[in-house]
1. Can you tell me which residue in region 1-27 is farthest from Ala81 (Cα to Cα), limited to those that are of a type in the set (Lys, Arg) and assigned to a helix (DSSP H, G or I)?
2. Against the conditions (1) open to solvent by 50 Å² or more (accessible area, probe 1.4 Å); (2) part of a loop (DSSP other than H, G, I, E, B); (3) at pLDDT 95 or above, where does Glu68 fall short? Just the number, please.
3. Could you tell me whether Arg35 is part of a helix (DSSP H, G or I) and open to solvent by 40 Å² or more (accessible area, probe 1.4 Å)?
4. Those residues that are of a type outside the set (Gly, Ala, Ser), surrounded by 14 or more Cβ atoms within 10 Å (Cβ to Cβ) and more than 26 Å from Ala20 (Cβ to Cβ), I need them from region 39-64; list them, please.
5. Look at region 7-24 and say how many of its residues are crowded, with 17+ Cβ neighbours inside 10 Å and over 17 Å from Gly63 (Cβ atoms).
6. Which condition breaks for Cys61 when tested against (1) out of contact with any His (no Cβ under 9 Å at 6 or more places or on another chain); (2) under 21 Å from Arg82 (Cβ atoms)?
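The values are calculated or read from the model by the stated rules, or taken from the named source; none is laboratory data. Quick caveat, the model's predicted, so the values are computed rather than measured. Neighbour counts are summed over all protein chains in view; Cβ atoms, including those assigned to glycine, are modelled from backbone coordinates with ideal geometry. Heads up: the accessible areas ignore ligands, DNA and RNA and are worked out on the full protein's heavy atoms, side chains in. Shrake-Rupley method; radii C 1.70, N 1.55, O 1.52, S 1.80 Å.
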Amino acid sequence: MWDGIRELVEHLRDTERLPADAFEGVLEKVLARERSMSTGMEEGIAIPHAAVDEIDAVAACMGIVTAEGGLKFESIDGQPARLIV
């Protein structure tokens, strides 16, 4: 789960939708939000997110988990995540 979130935030940085100097702050806020309450929904969907001061606009991306067994995300229905937004 944690590595999946990191990969998505890295993708935002690498595609310049997130300033490189905001990366660490944004990542920590998203991880902190996830630690406080899982964003794993049902039906294999997870939506990790956070409100951050480091950026002025919404930045989003989507990851599709192709690994067998999905990605454990402490989801409401206990199922692994396959789509992370």
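1. So in region 1-27, the residues of a type in the set (Lys, Arg) come out as 6, 13, 17.
Retained after the next criterion (residues that are assigned to a helix (DSSP H, G or I)): 6, 13.
Details: Arg6: 15, Arg13: 23 Å.
The extreme case among them is Arg13.
2. Unmet for Glu68, out of (1) open to solvent by 50 Å² or more (accessible area, probe 1.4 Å); (2) part of a loop (DSSP other than H, G, I, E, B); (3) at pLDDT 95 or above: (3).
3. Working: part of a helix (DSSP H, G or I): yes; open to solvent by 40 Å² or more (accessible area, probe 1.4 Å): yes.
So Arg35 passes the test.
4. If the condition is that a residue be of a type outside the set (Gly, Ala, Ser), surrounded by 14 or more Cβ atoms within 10 Å (Cβ to Cβ) and more than 26 Å from Ala20 (Cβ to Cβ), then Met41, Ile45 are the ones that fit.
5. Residues that pass the stated criteria total 1.
6. Single failed check for Cys61: (1).
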